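The values are calculated or read from the model by the stated rules, or taken from the named source; none is laboratory data. Please read these numbers as outputs of a predicted model, since none were measured by experiment. Positions of Cβ are backbone-derived with ideal geometry, glycine not excepted, and every protein chain shown enters the neighbour counts. For accessibility, only protein heavy atoms count, side chains too; no ligands or nucleic acids. Shrake-Rupley method; radii C 1.70, N 1.55, O 1.52, S 1.80 Å.
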Amino acid sequence: MPPEILNAVLIVGLLGLLLGVALSVAAKVFYIETDPRIEQVEALLPGANCGGCGLPGCSAYAEAVVTGKMPPNLCVVDRSCGEKIAALLGMSVEEKEREVAVVRCRGDMSLDNKKYKYLGDISCAEAIILAEGPNPCRYGCMAMGSCVKACKFDAIHLREKQPPLVDRDKCVGCGACVSACPKNLISLLPESKRVMVLCCNHDKGKSAKDQCKIACIACAKCAKSCPVQAIEMVANLPVIDYDKCIECGMCAAVCPQNTILFIGENPAIAQLEKEKAEKAAAAKAKENTDSNQGQES
Amino acid sequence: MTKLILILIGAVFVNNFVLSRFLGICPFVGVSKKVESAIGMGMAVTFVMLLAATASWMIYQYILVAYGLQYLSTIVFILVIAALVQFVEMVIQKSAPALYKSLGVYLPLITTNCAVLGIAILNIDLQYTLLQSMFHAVGGALGFTLALVIMAGIRERLEGASVPASLKGFPIAFIVAGLLAIAFMGFAGMM
C-alpha cells in the first residue's frame with residue numbers, strides 16, 4: 001500500500017480512536033444520575049408512543065408519573081399497567097373506563113352524486129381544501145383513510161362505499177384518529193355506552209336528505225320519544241346526555257332515518273312491535289264489536 | 001494588536017457569519033423565538049467555535065501539514081467538531097440542565113452547524129495564526145449571537161403584530177431575515 005494512503009488511514013483512524021476514548025471518559029465523568037424509577041416505570045409501559053396519555057411518548061409520561069405531574073392510570077394501550085405502576089410507586093389509582101372511537105357518519109356513498117371527481121392525493125386533509133371535499137354532504141366522511149393511517153393499532157379500516165369501521169376490540173382510545181379527521185367526525189365514547197348518533201349534518205331536514213339518504217333530518221322524534229328527556233336537539237342534530245340516558249333504545253327504534261345506532265339487541269324495537277300488535281288487536285276487536293252491534297240493532 | 005481587533009470587529013459586523021456569509025441558518029431560524037434561548041444558543045456556539053477553531057488549527061498545522069495531508073482537512077474537521085459538540089453537550093447537561101432543556105434539539109445540531117465548520121476552514125483559507133484564528137472564532141460567534149438576538153427580539157415583537165394569516169410564523173421570519181441581511185450589507189466593504 002502506498003505510504004500516503006497508509007498515512008491518511010492511520011492518522012484519521014488514530015484521531016477517531018483518541019476522540020472516542022476521550023468522549024467515553026467524559027461520559028463517565030459527566031454522568032448524570034437520573035431517578036431509577038423513571039426507567040422502571042418506562043419498562044412497565046407498553047412503549048407504543050401513541051400519545052394517548054397526552055404526552056409525546058412513553059418516556060415523557062414515565063417521567064411525568066414519577067415526578068408526580070400526572071396520574072399513573074392514563075395509559076390507554078395497556079390498562080393493567082396503571083395498577084403496576086401505582087404499586088411500584090406506592091400510589092393509589094382510580095379505574096378509568098376504556099374509551100372507543102366512533103365514526104359519527106354512516107354516509108351512503110353508493111350514490112353517484114359527488115360534487116366533482118377528486119383526483120388528488122388520497123388524504124382527507126388535502127381533499128377538504130377543495131370545496132370541502134367531493135361529497136355532497138359537507139359534514140360527512142370522505143373515506144380517504146386519514147384516520148386509518150393515523151391508527152397505530154390497526155383498529156380502523158376502510159370499507160367499500162362506507163365510512164371506515166372501528167374495530168371495537170382493537171381500539172385503545174388513544175385519539176389519534178380523532179385529531180386526524182379534518183371533519184371532526186370521530187369521537188371517543190366509553191365502551192359501555194351503546195347508543196350513539198351517527199350523523200353530523202347540521203342542515204335542515206330536506207337539504208340534509210338531499211345530500212345523503214340516511215342523514216339526520218332533525219325530526220326530533222328521538223327527543224320526543226325519550227322517556228327520560230336525555231336527548232336535546234342542538235343545531236339540527238340530537239345530542240345525547242349520557243348521564244341521563246338509560247339505554248332503553250327508544251330513540252334508535254323510532255328514528256326514521258336509522259341515524260341513531262344501538263349496539264346489540266334493541267329492547268325498544270320488540271316493545272314497539274308488541275304495542276303495535278296490541279293496538280292492531282284492539283282495533284280489530286273494536287271493529288268486531290262495532291259490526292256485532294250493527295248486526296244486533 | 002490592531003489587526004486582531006480588526007479581525008474581531010470585522011467578523012462581528014462586516015463578515016457576519018449569518019447575515020453576510022449565510023452560515024448557520026438553521027439555528028438562526030430555529031432558536032430565535034425567545035431572546036433568552038437565543039443568548040443561550042449564542043453562548044454554546046461561541047464556546048464550541050472557539051474550541052473548534054483552536055483544535056482544528058492545531059490539528060491542521062501540526063498533523064495534517066506535517067504529513068502533507070491538507071486535502072483531508074474537511075473530514076478531519078468534521079470529526080473533531082462532532083466530538084467537541086458531544087463533549088460540550090455533556091458538560092452543559094451536567095452543569096446547566098435548564099440551559100440544556102431550552103436548547104433542546106439545537107445543541108446536537110451544532111455538530112452539523114456550518115458556521116462551526118466554516119470557522120475552521122476559513123481560518124486555514126485566510127492563513128491566520130493561532131491567535132488570529134481564535135479572535136476570528138470569537139468574533140464570528142459574537143456576530144452569530146448578535147444576529148440571533150436581533151432576530152429573536154424582532155420575532156418577540158412580531159408575536160403581537162397583525163401579520164397576514166398566510167405569512168404567520170416562518171414566512172414572516174424569512175422576510176425579516178432577508179431585511180436584516182440587507183441591513184448588514186451596509187457594513188460591506190468598510191474594512
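Quick notes on this structure:
- Exposure check, 1.4 Å probe, all protein chains in place: A:Leu185 carries approximately 0 Å² of accessible surface.
- Take every pair of alpha-carbon atoms less than 8 Å apart whose residues are at least six positions apart; their mean separation over the length of chain A yields a relative contact order of 13 percent.
- Magnitude of the charge dipole, chain B, Cβ model with Lys/Arg +1 and Asp/Glu -1, debye to 20: 240 debye
- Over the stretch A:190-297, relative contact order from alpha-carbon pairs under 8 Å, at least 6 apart, %: 25 percent
- Distance violations [Cα-Cα > 31 Å] among A:Lys209/A:Lys286; A:Lys149/A:Lys204; A:Lys69/A:Lys170; A:Lys69/B:Lys168: A:Lys209/A:Lys286; A:Lys149/A:Lys204; A:Lys69/B:Lys168
- Annotation for the stretch A:105-206: chymotrypsin sites (Phe, Trp or Tyr not before Pro) lying in DSSP loop with at most 11 further Cβ atoms inside 10 Å of their Cβ are A:Tyr116.
- Those aspartates and glutamates that a straight Cα-Cα span of less than 17 Å connects to A:Lys28, excepting residues fewer than 8 apart in one chain: B:Glu89
- In summary, the aspartates and glutamates within cross-link reach of A:Lys279, defined as a Cα separation below 15 angstrom excluding same-chain residues under 8 places away, comprise A:Glu287.
- Mean Cα-pair separation over length for the stretch A:53-168, i.e. relative contact order, pairs under 8 Å, 6 or more apart, %: 18 percent
- Listing of the stretch A:24-65 residues, each with accessible area lower by at least 10 Å² in the full protein assembly than in the chain alone (probe 1.4 Å): A:Ala26, A:Ala27, A:Phe30, A:Tyr31, A:Ile32, A:Glu63
- Cleavage-rule hits (trypsin sites (Lys or Arg not before Pro)) in the stretch A:1-84: DSSP loop, at most 11 neighbouring Cβ within 10 angstrom: A:Lys69
- When B:Tyr62, B:Tyr100, A:Tyr61 are compared by accessible area at a 1.4 angstrom probe, the order from most to least is B:Tyr62, B:Tyr100, A:Tyr61.
- Chains A and B together bury roughly 1400 Å² of accessible area, counting both sides, with a 1.4 Å probe on protein heavy atoms only.
- Close Lys-Lys pairs in the stretch B:1-113, where close means Cα under 28 Å and separation is 8 or more or interchain: 4
- Ordering B:Val29, A:Ala86, B:Met49 by Cα displacement along the dipole of the protein assembly as shown toward the positive end leaves B:Val29 in first place; charges were set at the Cβ atoms of Lys, Arg (+1) and Asp, Glu (-1).
- Loop-located GluC sites (Glu not before Pro) across the stretch A:250-286 with a Cβ neighbour count of 16 or fewer within 10 Å are A:Glu265, with loop assigned by DSSP.
- Percentage of interatomic Cα-Cα distances in the stretch A:1-126 larger than 20 Å: 67 percent
- If you take the Cα centroid of the stretch A:92-161 and the Cα centroid of the stretch B:22-91, the two points sit 49 Å apart.
- Förster radius 35 Å - calculated FRET efficiency between A:Glu273 and A:Glu191, Cβ distance, rounded to 0.05: 0.75
- Equivalent ellipsoid, chain B (semi-axes from 5 times Cα gyration tensor eigenvalues, Å): 30, 20, 14
- The listed residues A:Phe30, B:Phe174, once ranked by accessible area (1.4 Å probe) with the largest placed first, stand as B:Phe174, A:Phe30.
- Dipole check for chain A: with +1 at the C-beta of Lys and Arg, -1 at the C-beta of Asp and Glu, and the Cα centre as origin, the magnitude is about 940 Debye.
- Accessible area in square angstrom per residue, the stretch A:76-188, 1.4 angstrom probe: 54 Å²
- The portion of the accessible surface of the protein assembly as shown made up by carbon and sulfur, rounded to a whole percent, is 62 (1.4 Å probe; DNA, RNA and ligands excluded).
- Remark: the stretch B:1-98 is approximated by an ellipsoid whose semi-axes, taken from the C-alpha gyration tensor as √(5λ), come to 26, 20, 13 Å, largest first.
- Normalised radius of gyration (Cα atoms, divided by 2.2 N^0.38 Å) for chain A: 1.57.
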